[in-house]
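Working notes for the structure below.
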Amino acid sequence: MDFARVDLSEEDRAFRDRLRAFLADVVTDEVIERDRRTGENFDEAVHLALGRERYLERDYQDEAAGGFDAVRRRIWQLEVGRAHTPWFHWGTTAMVAKAVQRFGSPDLVDEVLDGVLAGRVRLCLGFTEPDGGSDVATCQTRAVRDGEGWIVNGSKMYTSNAHNAQYVFLLTNTDPTASKHRSLTMFLVPLDSPGVEIQPIRTVDGDRTNITYYTDVRVDDRYRLGEVHGGWAVLREALDAEHGTVARDTGGLEAIAVMAEHLLLLAEGIDRVAAVLGTPAADGRRRIDDDAVAYRLGLDVARVEAAASTPGMFGRVAIAQTMRDTSSDLMNLLGVAAALPSGTPGAVDDGGEYLFRLASPMGIYGGTLEVFRNMIAQHALGLGRPAYGGAR
């Protein structure tokens, strides 16, 4: 692995500076405070501004189609993260839009894509079900043929950003008599369709997600993606992107693993904690001069560096586990006042408890850490399937 520093050209430095200035203008302290308070991970004004300036378009497109080259794409990823931009749902929208381009009709692509690139259209995922766990192929949401269209009934859990989206990438069962991977059909369902209901759910970290209900929702066949009963082929590619198991650019500038942007927040948090621990108290003593404190802080830095250097599916696990382990250790180093939310009188660090809340569900997003570890064991290490429940 090459850790060499990239020397930016004058043009790339100018691009970076323009992007920083733009983000400083739109991602204000008020935007960040509102995002933390509401748990939306989305701000429409920011998203539309990114669309107007064609940043979304250039991030979405390949370089040959007018998108960022490798250096500017990496600058974009880093600067958006450093600005604390509430944009996590853009990755979902882009992933679904690519599935629409590949598997949808030309009319559907025309309906959706321009709005996506302008920021007006957002897309969300309808995979997990209340009783389905991590195995999305056990889908019970039914789509039944009705003339030229379909009637959909069922429900989906964790339909994050559905209340800010216009379409849901919906997994349905169109043949309950078939095996689970041969019974699935994918649709892009307009969320303003009669019969769609969106109810909010709050996660343990305060984020807003949703449960969505589909009651006799009529969906035209033009919104079908891929073949009837061929939904697994459509879904598989999206799952690979969400899991971070797709092939990566060999140039060395691409984000090394999914959710790597979260490590930027954690690294900033460590810097802030180090500043607090290095500040002399009234008696002139600094907590960081305690060897045990310095050792733990150094270990946290080493964990972050190791996770940031771990690629692919392995990195997905390392990042989530590091976020969990390190954020709790930082709070312990700071003491009980670290549990106070940012901006609260007496809080000792800007966002210590926020990092802890952010880290808590990271072992669930896109599949649990246990699922990912089993995938690594089976597909990377060649081990057998896990034996659950004491089975031999």
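In whole percent, and with a 1.4 Å probe on the protein chains, what portion of the accessible area of the chain is carbon and sulfur?
The value for the chain is 51 percent carbon and sulfur by accessible area.
Relative contact order for the chain: what is it in percent, counting Cα pairs under 8 Å that are at least 6 residues apart? Could you put the intermediate results ahead of the total?
On the way: 610 pairs, mean separation 48.5, N = 392.
It comes to 12 percent, rounded to a whole number.
Taking the Cα centre of each part, how many Å lie between the range 325-341 and the range 198-222?
Comparing the Cα centres of the range 325-341 and the range 198-222, I get a distance of 34 Å.
Cβ under 10 Å from Arg357's Cβ, Arg357 left aside: what net charge do those residues give with Lys, Arg +1 and Asp, Glu -1? Don't jump to the answer; show the numbers that get you there.
Numbers: positive: Arg36; negative: Asp205, Asp207, Glu353.
Charge balance in the 10 Å sphere: -2.
Roughly what % antiparallel, to the nearest 5, for the DSSP beta bridges in the chain?
Working: 28 of 33 bridges.
DSSP beta bridges in the chain are roughly 85 percent antiparallel.
Using the alpha-carbon atoms, what tilt in degrees (0 to 90, nearest 10) does helix 29-38 show relative to the longest principal axis of the chain?
Roughly 60 degrees between the two axes.
Apply the a/c threshold of 1.5 to the C-alpha gyration tensor of the range 260-381 and tell me whether it is rounded, prolate or oblate.
Numbers: a/c = 3.05, a/b = 1.95, b/c = 1.56.
The shape class here is prolate.
I'd like the distance between the alpha-carbon centres of the range 33-55 and the range 74-131, rounded to an integer number of Å.
14 Å
Using each residue's phi in the range 312-322, evaluate 6.51 cos²θ - 1.76 cosθ + 1.60 at θ = phi - 60° and report the 3J(HN,Hα) Karplus result to the nearest Hz, with x for Gly and Pro.
Going residue by residue, I get x, 5, 4, x, 4, 6, 4, 5, 5, 5, 5 Hz, with x marking Gly and Pro.
Quick one: which of 319-325, 5-11 comes out on top by average Cβ neighbours within 10 Å, and what's the full order, highest first? Could you put the intermediate results ahead of the total?
Values: 319-325: 21.7, 5-11: 9.4.
The most tightly packed comes first, giving 319-325, 5-11.
Using the reciprocal of the averaged 1/r over all distinct C-alpha pairs, how large is the Kirkwood radius of the chain in Å? Kindly include the intermediate steps, with their values, before the conclusion.
On the way: mean 1/r = 0.0439 Å⁻¹.
Value: 22.8 Å, from the Cα pair sum.
Could you sort the peptides 327-334, 290-297, 99-106 by per-residue average Cβ neighbour count (10 Å cutoff), highest mean leading?
Numbers: 327-334: 19.6, 290-297: 13.4, 99-106: 17.0.
Going from most to least packed, we get 327-334, 99-106, 290-297.
With a probe of 1.4 Å, find how much accessible area the range 123-243 has per residue, and write the answer as a whole number in Å². Could you put the intermediate results ahead of the total?
Working: 5150 Å² over 121 residues.
With all protein chains present, the range 123-243 gives 43 Å² per residue.
If you look at just the Cα atoms of the range 289-336, how large are its Rg and its Dmax in Å?
Rg then Dmax for the range 289-336, in Å: 11.9, 38.
Using a cut-off of 10 Å between beta-carbons, work out the net charge of the residues near Val228 (Lys and Arg +1, Asp and Glu -1, Val228 not included).
Working: positive: Arg145, Arg224; negative: Asp175, Asp221, Glu227.
Once positives and negatives cancel, what remains is -1.
The values are calculated or read from the model by the stated rules, or taken from the named source; none is laboratory data. In this text the structure is predicted, and so the values were computed from the model without any measurement. Virtual Cβ from ideal backbone geometry, glycine too; neighbours counted across all protein chains shown. These accessible areas exclude ligands, DNA and RNA; they are computed on the full protein's heavy atoms, side chains included. Shrake-Rupley method; radii C 1.70, N 1.55, O 1.52, S 1.80 Å.
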